[in-house]
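Below is one structure, written out as structure tokens; comments come after it.
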Amino acid sequence: MNATVLAPSFVQENLGDIPVARLRADFPILARSVHGKPLVYFDNAATKQKPASVIEAEKFYYEHTNANIHRGVHTLSQEATTAYENARETLRRFLNAAKVEEIIFLRGTTEAINLVAQSYGRSRFQAGDEILISALEHHSNILPWQLLCEQTGAVLKVVPINDAGEFIYEEFERLLGARTKLVAVGHVSNALGSVNPVKRIIAAAHAQSVPVLLDGAQAAAHGEVDVQALDCDFYAISGHKLYGPTGIGALYAKKAILEAMPPWQGGGDMITTVSFEKSTYAPLPHKFEAGTPNIAGGIAFAVALDYVKRVGLANIHAHEARLLAHAMSRVAEIKGMRVIGTAREKAGILSFVIEGVHPHDIGTILDHQGVAIRAGHHCAMPVMTRYGIPGTARASFGLYNTLEEVDRLFDGLKVVVDMFGR
Amino acid sequence: MSDLRELYQEVIFDHNRHPRNFGVLEHPTKVAHGHNPLCGDQLTLYLTVRDGVVVEVSFQGQGCAISTASASLMTEAVKGKPLAEVEQLFAAFHTMLTEDPTEPRSDLGKLEVFEGVREYPARVKCATLAWHTLHNAVLGTDETAKTE
Ligand SMILES: Cc1ncc(COP(=O)(O)O)c(C=O)c1O
């Protein structure tokens, strides 16, 4: 049995006209109800739901293939190794990386960024060197650099955002200087949905020989990512935000850079020879993959990528844009509702506040109506500080969401305002 | 929506909209901070304790309806009480929200409007933030009370 046969295939007229009703049937969890109402899942920026093919792939692996990889001569181990390495190739194609050894399987975006900080950064940054990030970053693209700064004396510089939640490119140009050793920015903001001008950022940084890391945790599920066209040096992603399992993700990095980087963690699988005097390291990508990885997760991640590709990233992007436009057209109906983050280029994320109602109360009242949103700082406290708010309520869209579900969100918001309004 | 009304009782809305004892005390004998990192709720509690009795209490901060109302009702409940009784209230409040509802506990009067919060595990911390902060203040720890 091949789990990918469960992936969708269909004919469509216009971009974004995806057969949502049919696709929804691929996601078993969407059949459940919450507080007696059909679930409306709008917490997609936190994690996506998984299609049956992904769930099946994990199950299939444990029922038929399970063995450790890269270290057995028996059939299961060889099959597991092949499936895992095929998954790496699927991810290479998904990101359009030039070489398969440029794909390092890791736990996710957080681990990928920490790897770059601790291997690339720690081996070359010195006191006074500067790392440039933006005010939009997720904590996982802030903390690894702060830790590195403590270790090396390097300094973190932050590109500000404007009131719309847009990266201020002119400020970036001003901050990009002779001391800048790395630019690390989000491709798409999880808190506000803003899409950063990454092509311009990369071109400007490269003009000064500064490498660029993109945090692609959000972006990869909202549109095509072509790391060669982008020409980024590092790209970090998480499987679970791409309709795949948790605990698996990857770092893409240019081969020449990876080769020059020292190993990060030591252990099995990352060596060629070991002796007490000196060990030699395995070639890429294994040099950065110490220990038994999430094998089932990697295999199922590839199934998720196939699924997403079949639906089409351009379609997903257009579909989510339509959901966002519909939501925006209804904002005025809700008394005191204000959208935070109104960037011209935006992914399907609606972050908002309602005057006099804390986001947590919005979250609880919506949950009661079966609508799952996120309330809080979204692991981006500096963004909240920038707007002078403790947090926002955030509805974020995925390929399986419908216009009717957006309407249920707004029905729910009317209940919120009614309850708090008197 | 009836069970939602058990969480958001009218008293809670009232105290959220018009929190009592809201503001800074002039010469407090104790100041304590509370923070719920999960939702960003911040709270500062000001106390004037004389001869082991809470003679004045106020709070400032921002939070959800549950945490604001809880802080407001708490200040009303503890004002004029000896510290030993305040600690008993803290324990009873905590029991009401976190333990088996059939467990015996002392009567909490007005504070029982928070009983419904027990059904919302994600919100228990909102209701207990002010109380944890008070508990720290009474014990004299300088640490910021955290719900995490
Ligand atoms: C923009 C962004 N960066 C990084 C992360 C961290 O991803 P993970 O928790 O999968 O490592 C997230 C997810 O929360 C995110 O949205």
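Name the single residue, out of those in segment A:97-117 being more than 15 Å from the ligand (Cβ to nearest atom) and part of a helix (DSSP H, G or I), that is nearest to the other protein chains (Cβ to nearest Cβ).
The initial filter retains those residues of segment A:97-117 that are more than 15 Å from the ligand (Cβ to nearest atom), namely A:97-103.
Going one step further and asking which of them are part of a helix (DSSP H, G or I), we end up with A:100-102.
Numbers: A:VAL100: 40, A:GLU101: 40, A:GLU102: 37 Å.
Out of the qualifying residues, it is A:GLU102.
Out of curiosity, is A:GLU355 over 30 Å from A:PRO263 (Cβ atoms) and more than 14 Å from every other protein chain (Cβ to nearest Cβ)? Before the answer, list the steps.
Details: over 30 Å from A:PRO263 (Cβ atoms): yes; more than 14 Å from every other protein chain (Cβ to nearest Cβ): no.
Against the criterion (over 30 Å from A:PRO263 (Cβ atoms) and more than 14 Å from every other protein chain (Cβ to nearest Cβ)), A:GLU355 does not qualify.
Counting only residues that are within 16 Å of the ligand (Cβ to nearest atom), under 21 Å from A:ALA219 (Cα atoms) and touching a residue at least 12 places away in the same chain (Cβ under 8 Å), how many does segment A:118-144 have?
Count: 11.
Testing B:VAL117 on (1) of a type outside the set (Gly, Ala, Ser); (2) within 14 Å of another protein chain (Cβ to nearest Cβ); (3) more than 16 Å from B:ALA65 (Cα to Cα), one condition comes back false. Which one is that?
Only one criterion is unmet by B:VAL117, namely (3).
Looking only at residues in segment B:17-38 that are within 14 Å of another protein chain (Cβ to nearest Cβ) and crowded, with 24+ Cβ neighbours inside 10 Å, which one is nearest to the chain's Cα centre (by Cα)?
As a first pass, look at segment B:17-38 and keep what is within 14 Å of another protein chain (Cβ to nearest Cβ): B:17-19, B:34-38.
After this cut, where a residue has to be crowded, with 24+ Cβ neighbours inside 10 Å as well, the list is B:34, B:36.
On the way: B:GLY34: 10, B:ASN36: 13 Å.
Here the residue is B:GLY34.
Of everything in segment A:231-243 that's more than 8 Å from the chain's Cα centre (by Cα) and either under 18 Å from A:LEU136 (Cβ atoms) or of a type in the set (Val, Ile, Thr) (or both), which residue is surrounded by the fewest Cβ atoms within 10 Å (Cβ to Cβ)?
Per the criteria, the residue is A:PHE234.
Here is a check on your reading of the model: is B:ASP41 among the acidic types (Asp, Glu), within 14 Å of another protein chain (Cβ to nearest Cβ) and either surrounded by 15 or more Cβ atoms within 10 Å (Cβ to Cβ) or over 15 Å from B:ALA130 (Cβ atoms) (or both)? Reasoning before the result, please.
Values: among the acidic types (Asp, Glu): yes; within 14 Å of another protein chain (Cβ to nearest Cβ): yes; either surrounded by 15 or more Cβ atoms within 10 Å (Cβ to Cβ) or over 15 Å from B:ALA130 (Cβ atoms) (or both): yes.
Yes: the conditions hold for B:ASP41.
So how many residues does segment B:38-53 have that are assigned to a strand (DSSP E or B) and farther than 22 Å from A:GLY391 by Cβ? Give the derivation first.
Of segment B:38-53, the ones assigned to a strand (DSSP E or B) are B:41-50, B:53.
With the extra rule that they be farther than 22 Å from A:GLY391 by Cβ, the set shrinks to B:46-50, B:53.
Adding up the residues that qualify gives 6.
Confirm whether A:ASP226 is free of Cβ contacts under 8 Å to residues at least 60 places away in the same chain and away from the ligand (no atom under 12 Å from the Cβ). Explain how you work it out, then say what you get.
Numbers: free of Cβ contacts under 8 Å to residues at least 60 places away in the same chain: no; away from the ligand (no atom under 12 Å from the Cβ): yes.
For A:ASP226, the condition - free of Cβ contacts under 8 Å to residues at least 60 places away in the same chain and away from the ligand (no atom under 12 Å from the Cβ) - is not met.
Please work out if A:PHE94 is in contact with a Lys or Arg (Cβ under 8 Å, 6 or more places away or on another chain), within 16 Å of the ligand (Cβ to nearest atom) and not β-branched (Val, Ile, Thr). Quick ask: steps written out before the conclusion?
Working: in contact with a Lys or Arg (Cβ under 8 Å, 6 or more places away or on another chain): yes; within 16 Å of the ligand (Cβ to nearest atom): no; not β-branched (Val, Ile, Thr): yes.
It is false that A:PHE94 is in contact with a Lys or Arg (Cβ under 8 Å, 6 or more places away or on another chain), within 16 Å of the ligand (Cβ to nearest atom) and not β-branched (Val, Ile, Thr).
Going by what's in this entry, would A:VAL188 be described as touching a His at 6+ places or on another chain (Cβ under 8 Å), at negative phi and either at pLDDT 95 or above or not hydrophobic (A, V, I, L, M, F, W, C) (or both)? Please lay out each step first, then the result.
On the way: touching a His at 6+ places or on another chain (Cβ under 8 Å): yes; at negative phi: yes; either at pLDDT 95 or above or not hydrophobic (A, V, I, L, M, F, W, C) (or both): yes.
For A:VAL188, the condition - touching a His at 6+ places or on another chain (Cβ under 8 Å), at negative phi and either at pLDDT 95 or above or not hydrophobic (A, V, I, L, M, F, W, C) (or both) - is met.
Mind checking whether some residue in segment A:396-411 is out of contact with any Gly (no Cβ under 6 Å at 6 or more places or on another chain) and within 14 Å of another protein chain (Cβ to nearest Cβ)?
Going residue by residue through segment A:396-411, those that are out of contact with any Gly (no Cβ under 6 Å at 6 or more places or on another chain) are A:396, A:398-411.
Narrowing the set further to residues that are within 14 Å of another protein chain (Cβ to nearest Cβ) leaves A:411.
Yes, segment A:396-411 has at least one match.
Just the residues that are in contact with an Asp or Glu (Cβ under 8 Å, 6 or more places away or on another chain) and surrounded by 17 or more Cβ atoms within 10 Å (Cβ to Cβ), please, taken from segment A:71-99. Spell out the reasoning first.
Of the residues in segment A:71-99, the ones in contact with an Asp or Glu (Cβ under 8 Å, 6 or more places away or on another chain) are A:71, A:90, A:92, A:95-96.
The answer is A:THR90, A:ARG92, A:LEU95.
For a quick check of your reading of the model, give me the residue pairs whose first member lies in segment A:200-222 and is within 14 Å of chain B (Cβ to nearest Cβ), whose second is within 16 Å of the ligand (Cβ to nearest atom), with beta-carbon atoms closer than 7 Å and at least 6 apart or on different chains.
Filtered contacts from segment A:200-222: no entries.
Could you grab me the full set of residues in segment A:156-177 that are out of contact with any helix residue (DSSP H, G or I) (no Cβ under 6 Å at 6 or more places or on another chain), of a type in the set (A, V, I, L, M) and either assigned to a strand (DSSP E or B) or not assigned by TED's automatic domain parsing to the domain that holds A:ALA207 (or both)?
A:VAL158, A:ILE161
Output the residues belonging to segment A:53-70 that are touching an Asp or Glu at 6+ places or on another chain (Cβ under 9 Å) and loosely packed, with under 15 Cβ neighbours inside 10 Å.
Matches in segment A:53-70: A:HIS64 only.
Of the residues in segment B:44-53, how many are of a type in the set (A, V, I, L, M, F, W, C) and surrounded by fewer than 24 Cβ atoms within 10 Å (Cβ to Cβ)? Break it down stepwise before answering.
Looking only at segment B:44-53, we keep the residues that are of a type in the set (A, V, I, L, M, F, W, C), and these are B:45, B:47, B:49, B:53.
Filter again for surrounded by fewer than 24 Cβ atoms within 10 Å (Cβ to Cβ), leaving B:49, B:53.
Total meeting the criteria: 2.
What's the total number of residues in segment B:54-92 that are surrounded by fewer than 17 Cβ atoms within 10 Å (Cβ to Cβ), part of a helix (DSSP H, G or I) and within 14 Å of another protein chain (Cβ to nearest Cβ)?
Of the residues in segment B:54-92, 0 are surrounded by fewer than 17 Cβ atoms within 10 Å (Cβ to Cβ), part of a helix (DSSP H, G or I) and within 14 Å of another protein chain (Cβ to nearest Cβ).
Here are the criteria: (1) within 16 Å of the ligand (Cβ to nearest atom); (2) out of contact with any Lys or Arg (no Cβ under 9 Å at 6 or more places or on another chain); (3) in contact (Cβ under 8 Å) with a residue 12 or more places away in the chain. Tell me which single one A:LEU156 does not satisfy.
(1)
Of the residues that sit in segment A:273-311 and are under 17 Å from the mean Cα position of the chain (by Cα) and not aliphatic (A, V, I, L, M), which one is surrounded by the fewest Cβ atoms within 10 Å (Cβ to Cβ)?
Within segment A:273-311, the match that is surrounded by the fewest Cβ atoms within 10 Å (Cβ to Cβ) is A:LYS309.
In segment A:379-395, what residues are small (Gly, Ala, Ser) and within 12 Å of another protein chain (Cβ to nearest Cβ)? Walk me through how you get there before you give the answer.
Within segment A:379-395, the subset small (Gly, Ala, Ser) is A:380, A:388, A:391, A:393, A:395.
If the condition is that a residue be small (Gly, Ala, Ser) and within 12 Å of another protein chain (Cβ to nearest Cβ), then A:ALA380, A:GLY388, A:GLY391, A:ALA393 are the ones that fit.
Mind listing whichever residues of segment A:178-221 are away from the ligand (no atom under 11 Å from the Cβ) and either within 14 Å of the chain's Cα centre (by Cα) or assigned to a loop (DSSP other than H, G, I, E, B) (or both)?
A:ALA178, A:ARG179, A:VAL195, A:PRO197, A:GLN208, A:SER209, A:VAL210, A:PRO211, A:LEU213
The values are calculated or read from the model by the stated rules, or taken from the named source; none is laboratory data. Every value quoted in this text rests on a predicted model; they were computed, and no experiment measured them. Please note: Cβ atoms are built from the backbone with ideal geometry, for glycine as well, and neighbour counts cover all protein chains shown.
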